[in-house]
Amino acid sequence: MSLNLSNIKHVHFIGIGGIGISAIARMMLHEGKKVTGQDMQDSEIITELRKAGADITIGQSFDNIPSDADLIVYTIAIENYDPELFTRLKNQSIPIRSYPEMLHVVTEGKYTIAVAGTHGKTTTTGMIAQIFRDTDKDPTVIIGSLLIGEKSNFIAGKSEYFIVEACEYRRSFLNINPTVLVITNIDADHLDYYKDIEDIKNAFRELALKVPANGFVVCNPNDENIADVIKDIPATIIDVSKFLTQTITLKIPGIHNRKNASSSLAVAEVIGIPDTEARSALAQFPGTWRRFEYKGVLSSGAKVYDDYAHHPVEIEATLEGFRELYSRADGWKITIVFQPHLFSRTKLLLDEFAVSFAGADRVLLLPIYYAREEDDGSISSEILAQKISNTEAHAFGDFQTAESYIRSLALDDKDIIVTMGAGEANKITDRLLL
């Protein structure tokens, strides 16, 4: 069913603190609509939304929905963790849309550039946005993080270009109709929903087939998983490898970021942005919130960073990036404070997690961030710590104990501390730097 946003005056968001749905809330605020919302817990994202004018309640209930709301937007997670609320929502007479469904609404009729992939999509989206903004393309942007310096995951633009991060969870990205599709990579993830890697590839293929014959798919066609996805699709395939072989100047280290940059340069070429201008813009890209983000220095001289890596492939790539700047040969020591994200991911990828921290000197594990899942007792951070054999590893029952342990360490100006994960590990960073 179509939705005419011009007739909507008041939008209520359930799960408004989510990194994706909060961008839609910002968009509605920008368009002059009344925005209210609710979430289970407070956060930096909610703080920034309140500053922008949103009225937000902490605590989730059907009774929190204002009577004058004429559109409800909800996070798809409530279908699992609050089915009673979800059922009541579906019985409302006013329009109800999930966050992915709203992406379809707001991108409809736009020249949409969608960035998909298991890893790197946030940084790649940010890089493309930087290029477009610096070359006066005036894009609208929705990104799965906060842009450094702006503390926003939404950019309002006036041109036809709409750059959007496209998440594969529960096939959400199939609500988008891209003219340009970037596929950064495809790995096994979200296995609480997908059956296996073939199921994941089928979802990506369905998305790739939505790109029209006059559109483009930017990817590495020689990647085994991607090759199956793009076989015989009508769109033109743009090989990113030719950009990766060239020198790319970036502020953020790591081969994974150079790969992200190569995808961004490929998109710029498709649009007709001169290569020199695109590279100049990339050289100024500062990164995004919680991606290799420098937070400060402790009194001991130890440097503190925060990073969102939560999959074994991401952890390895992030550590490789840190070692480019802080090598063992030069005496640098890296302590990772990691919070596993989801019981299912930790359990299904346990062996991969166990070897992913080889680039660190010490791993401190926080309790698993359960999000939308329940603990059946079959997996824990203690089990992961026992599995890690290639570096020192310790598990802690709570954040306070972990923080006390870090404060007891004999750190100096050759130490790097990185809080890592998609949950709340960054709270340790904030506490250490008080």
Taking the alpha-carbon centroid of each part, what is the distance from segment 119-181 to segment 223-297 in angstrom? 13 Å
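For segment 91-166, just say rounded, prolate or oblate: build the C-alpha gyration tensor, square-root its eigenvalues into a ≥ b ≥ c, call rounded for a/c under 1.5, and beyond that prolate if a/b exceeds b/c, oblate if not.
Verdict is prolate for segment 91-166.
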Quick one: what are the phi-derived ³J(HN,Hα) couplings along segment 32-38, Karplus 6.51/-1.76/1.60 with θ = phi - 60°, whole Hz, x for glycine and proline? x, 8, 6, 10, 10, x, 8
Restricting to Cα pairs below 8 Å that are 6+ residues apart, what does the relative contact order work out to for the chain? Please round to a whole percent. 12 percent
Sort L434, L89, L29, L244 by accessible area with a 1.4 Å probe, largest first. L434, L244, L29, L89
Provide the per-residue ³J(HN,Hα) series for segment 180-189, in order, calculated from phi with Karplus coefficients 6.51, -1.76, 1.60 and θ = phi - 60°, each as a whole number of Hz, with x at glycine and proline positions. 10, 10, 9, 10, 6, 4, 9, 10, 6, 7
Would you work out what percent of the accessible area of segment 367-407, with all protein chains in place, is carbon or sulfur (probe 1.4 Å)? 44 percent
Net charge, L244 excluded, C-beta distance under 9 Å - Lys, Arg +1, Asp, Glu -1: +3
Tell me, what is the 1.4 Å probe accessible area of T87, in Å² to the nearest 10? 80 Å²
If I model the chain as equal point scatterers sitting on the Cα atoms and use the Debye formula, what is log10 I(q)/I(0) at q = 0.11 Å⁻¹? -0.88
Using packing as a proxy for protection, rank 302-314, 371-383, 4-16 so that the peptide with the highest average count of other Cβ atoms within 10 Å comes first. 302-314, 4-16, 371-383
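The values are calculated or read from the model by the stated rules, or taken from the named source; none is laboratory data. Bear in mind the structure is a predicted one, so any value in this text is a computation, not a measurement. We place every Cβ from the backbone using ideal geometry, glycine too, and count neighbours over all the protein chains shown. Each accessible area value is taken on the protein alone, full model and side chains, heavy atoms only, with ligands, DNA and RNA left out. Shrake-Rupley method; radii C 1.70, N 1.55, O 1.52, S 1.80 Å.
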